[in-house]
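The values are calculated or read from the model by the stated rules, or taken from the named source; none is laboratory data. Being a predicted model, the structure only gives us computed values, none of them experimental. Please note: Cβ atoms are built from the backbone with ideal geometry, for glycine as well, and neighbour counts cover all protein chains shown.
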Amino acid sequence: MIISVASGKGGTGKTLISTSLARLWADGNKAVTYVDADAEEPNGHLFLKPDVIEEKRFTVKIPTLEGRTCAAHGKCQEICAFNAILSAKGSVIVFDELCHGCGACVLACPEGFLQETGREIGTITHGDSNGLEFYSATLDVGEARVTPLISGVVEASTENADGDRLVVIDAPPGTSCSAMAAVEIADLVLLVTEPTPFGEHDLILALEMGKALGRKMAAVINRSDIGGDGTRALLEARSIPVLAEIPFDRAVAESYAASRMPMEDSSEFASSIVKLAQGLLSLAQGVSP
Ligand code: SF4
């Protein structure tokens, strides 16, 4: 089962929840993979402290004429959905930052002149954290195209995952293409939210993303004792089950600041994670939590 842990905004506790779930299940002798897909600011490794097995540079394919002279049919320009290539007499201009490396322009060129060349945009790390399989993606500084890297780490981490393995994807915040790349493969999307007007506002966007992708969704309310009831009402109105509510806990904040697993320092937090984990497994089995 693949669970993506997502949120409409940053700072809701996505990494706290996803690393805790992965650790809990792995310590309970389940086969678990944790995937840090928040490639612009990955920090799951700070909590899980994996031993690195392999680091691989990740490349995307960019079209190039490789010294050929463009016949200016304009087919490449017409087919590109991202306005990333311009066809001019004798040449093409490729805007690397816009190119998604889909290869459509290469296929569309009637002369077959366009070829693909690789460009490195980041690194995928594979490791082990006491029996917990670990993956993370890190975007190169100054690089704009994060979505292909996120798709790459999701593919690498799930390609050999059998049916019994639990894959926990720590998705990037927001609802852009990069977040969708970490959510579209999930059997279940766990939305981490908080009961504040900001949380409620961004939760609406996250709910729309999950709905657009046709994903099954559940929610956990973090810092549940701070704020009002708008978030709960919204989730109830959309029939999204709330699997756990986690109140603010100073011990959790202190462990987080010291990059320790908060389950070690707060029994209340550990109980909430156990409840959340049970609710997720029940939902996955089609049982109401
Ligand atoms: S590879 Fe795809 S995104 Fe890039 S220029 Fe060609 S058509 Fe556009």
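In the stretch 233-254, what count of residues is obtained for those that are part of a helix (DSSP H, G or I) and over 24 Å from the mean Cα position of the chain (by Cα)?
Kept after step one, since they are part of a helix (DSSP H, G or I), are these residues of the stretch 233-254: 233-237, 250-254.
Add one more test, that the residue is over 24 Å from the mean Cα position of the chain (by Cα), and what stays is 233, 236-237, 250-251, 254.
So the count comes out to 6.
You will find that of Gly122, Gly131, Gly101, Gly174, the residue that is at pLDDT 95 or above and surrounded by 14 or more Cβ atoms within 10 Å (Cβ to Cβ) is Gly122 and no other. Select from the stretch 100-149 the residues that are more than 30 Å from Asp51 (Cα to Cα) and among the aliphatic types (A, V, I, L, M) and list them in ascending order. Result: Ala104, Val106, Leu107, Ala108, Leu114. The criterion of being near the ligand (Cβ under 9 Å from one of its atoms) and crowded, with 19+ Cβ neighbours inside 10 Å does not hold for Cys109. Scanning the stretch 247-268 for residues that are in contact with a helix residue (DSSP H, G or I) (Cβ under 6 Å, 6 or more places away or on another chain) and free of Cβ contacts under 8 Å to residues at least 40 places away in the same chain, we see that the one that is farthest from Leu24 (Cα to Cα) is Asp249.
Here are Ala81, Ala72: which of them is at positive phi and assigned to a loop (DSSP other than H, G, I, E, B)?
Going through Ala81, Ala72 in turn, the sole match is Ala72.
The set of residues in the stretch 85-111 being under 30 Å from Pro42 (Cβ atoms) and out of contact with any helix residue (DSSP H, G or I) (no Cβ under 8 Å at 6 or more places or on another chain) consists of Val94, Phe95, Asp96, Glu97, Leu98, Cys99, Cys102, Gly103.
Looking only at residues in the stretch 54-98 that are surrounded by fewer than 18 Cβ atoms within 10 Å (Cβ to Cβ) and of a type in the set (Lys, Arg), which one is farthest from the ligand (Cβ to nearest atom)? So, considering only residues that are surrounded by fewer than 18 Cβ atoms within 10 Å (Cβ to Cβ) and of a type in the set (Lys, Arg), the one farthest from the ligand (Cβ to nearest atom) is Lys56.
The set of residues in the stretch 32-68 that are modelled with pLDDT of 95 or more, in a loop (DSSP other than H, G, I, E, B) and in contact with a Phe, Trp or Tyr (Cβ under 6 Å, 6 or more places away or on another chain) contains only Pro50.
What strands (runs of 3 or more DSSP E), lying completely within the stretch 84-167, carry at least 2 residues that are among the charged types (D, E, K, R) and either farther than 22 Å from Phe58 by Cβ or out of contact with any Leu (no Cβ under 6 Å at 6 or more places or on another chain) (or both)? Write out each step before concluding.
Numbers: elements: 85-88, 91-94, 115-129, 132-139.
Here the list reads 115-129.
Restricting the stretch 225-260 to residues that are within 21 Å of Thr19 (Cβ to Cβ) and in contact with a Phe, Trp or Tyr (Cβ under 8 Å, 6 or more places away or on another chain), the residue that is surrounded by the fewest Cβ atoms within 10 Å (Cβ to Cβ) is Ser259.
Suppose we keep only residues that are more than 14 Å from the ligand (Cβ to nearest atom) and touching a helix residue (DSSP H, G or I) at 6+ places or on another chain (Cβ under 6 Å) within the stretch 112-133. Which one would you say is farthest from Val167 (Cα to Cα)? Per the criteria, the residue is Gly122. Restricted to the stretch 1-12, and to residues there that are more than 14 Å from the chain's Cα centre (by Cα) and surrounded by fewer than 24 Cβ atoms within 10 Å (Cβ to Cβ), the residue that is farthest from Ser272 (Cα to Cα) is Met1.
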